[in-house]
Amino acid sequence: MFDTVVIATDGSGSAQRAVEAALDLAARFDATVHALYVVDEQEVETTPEEVREALERALATTGGRALSFVLEAAEDGTDEELVTAVRQGDPATEIVAYAEEHDADVVATGTRGRHGEHAFLLGSVAEQIVRRAPMPVLTVRQLDGEPNAERDEA
């Protein structure tokens, strides 16, 4: 039923839960896994010039950590093939395009479960993926009280 699973990760707590769920799904179907991190170009472009280089380095580091987490989680008992990729652009657009290019059967992504005015103002990459993707999208929410690496580092 699932031959190719794309995991969209940003290294957040919800993405880590999505990684675990997607790897479990892939193992059940002996599917190939693609782990994808997207550098948000708009975030970089709207940053003041004097800090842009530092932001680019920080985003590269975050992407490396996010993909390393997927690789480590995959080594812990799964036998499926694993491909990693980094793209630049609008995250939702790049994730859907990547999934289409690789004929993905499902895309897995985390969501922080924001709702109300806050979500409307910020938008949601997960929501955009759900609306745009022609294939099923598995969204995995971070549970209340779970550690969040983003908050811990801030």
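The values are calculated or read from the model by the stated rules, or taken from the named source; none is laboratory data. Keep in mind it's a predicted model, so treat the numbers as computed, not measured. Quick note on the areas: whole protein, heavy atoms, side chains included, nothing else; ligands and nucleic acids left out. Shrake-Rupley method; radii C 1.70, N 1.55, O 1.52, S 1.80 Å.
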Fill in the blank from the handout: For the range 54-112, the convex hull over Cα atoms projects on average to an area in nm² of 5.1
Handout entry: Which of S68, S14 is most accessible, then next, and so on - probe 1.4 Å
Key = S68, S14
Practice task
With no solvent and one equal point scatterer per Cα, compute the Debye intensity ratio I(q)/I(0) for the range 10-57 at 0.14, 0.17, 0.31 Å⁻¹ and report its log10, rounded to two decimals.
Solution key: -0.53, -0.65, -1.10
Completion exercise
The answer for G11, listing residues at least 5 apart or on another chain whose modeled amide H is closer than 5 Å to its amide H, is none
Practice task
Return the long-range amide H neighbours of L138 (sequence gap of 5 or more, or a different chain), with a cut-off of under 5 Å between placed amide H atoms.
Solution key: V107, A108, T109
Completion exercise
Here the convex hull volume per residue of the range 1-109, taken over Cα atoms and given in Å³, is 82
Practice task
For the range 60-74 and the range 15-37, compute the distance between their C-alpha centroids and round to whole Å.
Solution key: 13
Problem - Stretch gain in nm, segment T93-R65, where the contour uses 0.36 nm per residue and the Cα spacing is subtracted - result: 7.9 nm
Practice task
For F2, F69, write out the residues from largest to smallest accessible area, computed with a 1.4 angstrom probe and no ligands counted.
Solution key: F69, F2
